[in-house]
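S.K.: Mind having a look at this structure? Questions to follow.
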Amino acid sequence: MRHILTFMVSEAFFIKGMSLISHEKINLKDISFYAFYLFFLCIFILNYEYSPNALRIILNYIIYVLLSLILFKKSFKDSVLLGLFILLIAMVAEFLYVTIIFPFWNHSIVLTETAFIALINNIFIGLIMYFVCSRKVSQKLYVYLVEITNKIPKRYVAFFSLLIIVIFNFVCWSGYLASENLIEKYFLLFFGTLVGIFSAIIIFFHFRTNNKYRVIFEKYNISLQSIRDFEETLEKYRINTHENRNQLRTIRNMTEDKKVEAYIDNLLGEDFSEEETLLNMAQKIPSGGLRGIIYTKLLLMYKQSIPVELTVDKKITYSLIEKIDDITLTDVCRILGVFLDNAIEATEAVDDKYILIELYEENHNTVISITNNYDGYIDLESMGTAGTTTKGQDRGHGLALVNQLLKKNQKLEHSSSLTEDGFMQTIKIKA
């Protein structure tokens with residue numbers, strides 16, 4: 001209990017650091033804050049006095065998670081990340097402090113367990129923590145950490161966060177506390193800090209990749225029934241649009257008012273004609289799912305002024321589409337969504353841009369190909385690997401999703417090729 005002042009100072013720095021990192025203000029006029037402070041102070045003291053050395057850092061981490069949950073009222077996932085982040089900062093702060101004082105102070109004085117020296121050490125470590133936590137780069141890094149785990153389940157985040165703490169605890173502190181040699185203590189602290197940070201970096205990159213994959217999966221996680229419902233609405237809209245145009249022409253022929261004629265001519269202008277052209281273009285595709293997903297992308301191409309050509313073999317009929325099972329057709333719609341989005345983005349840097357969509361029958365199989373021009377280099381061998389794309393660095397998670405769908409569904413075959421005109425992606429649906 002001789003270190004109670006040290007604990008009070010240490011906990012105050014930790015709470016302030018968590019407040020700075022998470023942008024949560026502390027109301028010093030609120031009596032409940034001091035109640036929470038004293039409560040957690042007691043827990044810290046009990047942990048220090050009675051917990052085994054091999055578990056002390058792990059239990060500290062759990063306490064910080066609880067502190068974030070109760071004091072700052074953050075979500076469980078955010079509290080897990082905040083507790084991890086503040087402990088990593090504390091790890092770095094302690095290592096920096098020991099590195100600074102190691103060459104200048106008498107080692108036996110610096111690392112002694114007297115209450116006064118422990119208090120001085122914790123004050124300086126706390127000041128380093130405060131400086132790091134108050135930097136915008138640290139605060140942005142925490143926000144980024146929350147963002148890259150946005151779609152990852154909380155149990156997954158909790159497991160890997162705890163894993164980092166366990167690695168640091170047993171690599172560094174178990175040896176550090178067991179060693180009697182001051183030089184060994186320092187280098188164990190140095191080694192443990194590096195291992196802990198290196199483990200955190202690896203897992204953070206894993207979080208980012210996993211989160212991006214989940215975002216892509218959600219983006220293309222479409223419902224076949226929703227697409228079919230959209231197709232029905234689209235057909236009604238096409239019929240109504242055609243009928244409305246005819247009615248407007250009839251009214252125009254019945255009036256002699258030049259203003260009314262001009263107004264109707266404006267309504268029947270190019271935008272109306274272009275919209276009807278897209279509807280008629282999509283009408284070539286039999287209903288059942290493919291028409292809906294392709295039409296949504298045709299609209300996107302029109303908005304971005306991308307010339308598009310759609311050719312549909314007369315053998316591609318509703319009866320042929322109807323034979324495709326719903327699971328396979330859903331996978332095809334997802335794959336087409338990725339391919340068409342990629343084609344649209346690939347033409348952004350091209351002046352004479354174009355996209356060609358072809359649907360045809362080949363040996364009773366349904367084949368869909370998408371060809372687009374592009375600017376840059378395409379590595380066909382690495383296509384489908386996460387991060388590989390023609391659109392720039394760190395973007396190819398859509399193609400990785402396609403690769404996963406193709407592996408699971410044996411009724412689908414995919415091929416990529418470079419033609420004289422551009423880059424072609426082909427998906428074959430086996431009969």
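The values are calculated or read from the model by the stated rules, or taken from the named source; none is laboratory data. These figures come from a predicted structure and were not determined experimentally. Heads up, the Cβs are rebuilt from the backbone with ideal geometry, glycines too, and the neighbour counts pull from every protein chain shown.
S.K.: Between a residue in segment 35-61 that is hydrophobic (A, V, I, L, M, F, W, C) and any residue that is surrounded by 13 or more Cβ atoms within 10 Å (Cβ to Cβ) and not in a helix (DSSP H, G or I), which pairs come within a Cβ distance under 7 Å, given they are 6 or more apart or on different chains?
M.R.: Leu59/Ser51
One line per residue, one yes/no per condition, for (1) outside the structural domain of Ile293 (by TED's automatic domain parsing); (2) at pLDDT below 80; (3) part of a helix (DSSP H, G or I):
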site: Leu177; (1), (2), (3): yes, yes, yes
site: Glu180; (1), (2), (3): yes, yes, no
site: Tyr186; (1), (2), (3): yes, yes, yes
site: Phe190; (1), (2), (3): yes, yes, yes
site: Leu194; (1), (2), (3): yes, yes, yes
site: Ala200; (1), (2), (3): yes, no, yes
site: Arg208; (1), (2), (3): yes, no, yes
site: Tyr213; (1), (2), (3): yes, yes, yes
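S.K.: Across segment 29-44, which residue is surrounded by the fewest Cβ atoms within 10 Å (Cβ to Cβ) among those that are hydroxyl-bearing (Ser, Thr, Tyr) and within 16 Å of Phe13 (Cα to Cα)? Please lay out each step first, then the result.
M.R.: In the first step, residues of segment 29-44 are kept if they are hydroxyl-bearing (Ser, Thr, Tyr); the result is 32, 34, 37.
With within 16 Å of Phe13 (Cα to Cα) added as a condition, the list becomes 34, 37.
On the way: Tyr34: 10, Tyr37: 17.
Out of the qualifying residues, it is Tyr34.
S.K.: Restrict the check to segment 68-78 and report whether at least one residue is polar (S, T, N, Q), assigned by TED's automatic domain parsing to the domain that holds Val166, part of a loop (DSSP other than H, G, I, E, B) and at pLDDT 85 or above. Break it down stepwise before answering.
M.R.: Here is the first cut: in segment 68-78, the residues polar (S, T, N, Q) are 68, 75.
Add one more test, that the residue is assigned by TED's automatic domain parsing to the domain that holds Val166, and what stays is 68, 75.
Retained after the next criterion (residues that are part of a loop (DSSP other than H, G, I, E, B)): 75.
Keeping just the survivors that are at pLDDT 85 or above gives 75.
Scanning segment 68-78 turns up at least one residue that is polar (S, T, N, Q), assigned by TED's automatic domain parsing to the domain that holds Val166, part of a loop (DSSP other than H, G, I, E, B) and at pLDDT 85 or above.
S.K.: Take the residues in segment 195-219 that are farther than 15 Å from Phe160 by Cα and surrounded by 19 or more Cβ atoms within 10 Å (Cβ to Cβ); name whichever of them is nearest to the chain's Cα centre (by Cα). Working first, answer last.
M.R.: Initially, segment 195-219 is screened for residues farther than 15 Å from Phe160 by Cα, giving 212-219.
With the extra rule that they be surrounded by 19 or more Cβ atoms within 10 Å (Cβ to Cβ), the set shrinks to 212, 216.
Details: Lys212: 4, Ile216: 8 Å.
The qualifying residue nearest to the chain's Cα centre (by Cα) is Lys212.
S.K.: Restrict the check to segment 124-139 and report whether at least one residue is out of contact with any strand residue (DSSP E or B) (no Cβ under 8 Å at 6 or more places or on another chain), modelled with pLDDT of 90 or more and farther than 16 Å from Ser19 by Cβ.
M.R.: Yes, the conditions are met somewhere in segment 124-139.
S.K.: With respect to Lys136, is the statement that it is in contact with a Phe, Trp or Tyr (Cβ under 7 Å, 6 or more places away or on another chain), over 25 Å from Gly192 (Cα atoms) and not β-branched (Val, Ile, Thr) true?
M.R.: On the way: in contact with a Phe, Trp or Tyr (Cβ under 7 Å, 6 or more places away or on another chain): no; over 25 Å from Gly192 (Cα atoms): yes; not β-branched (Val, Ile, Thr): yes.
Taking the combined requirement at face value, the residue does not satisfy it.
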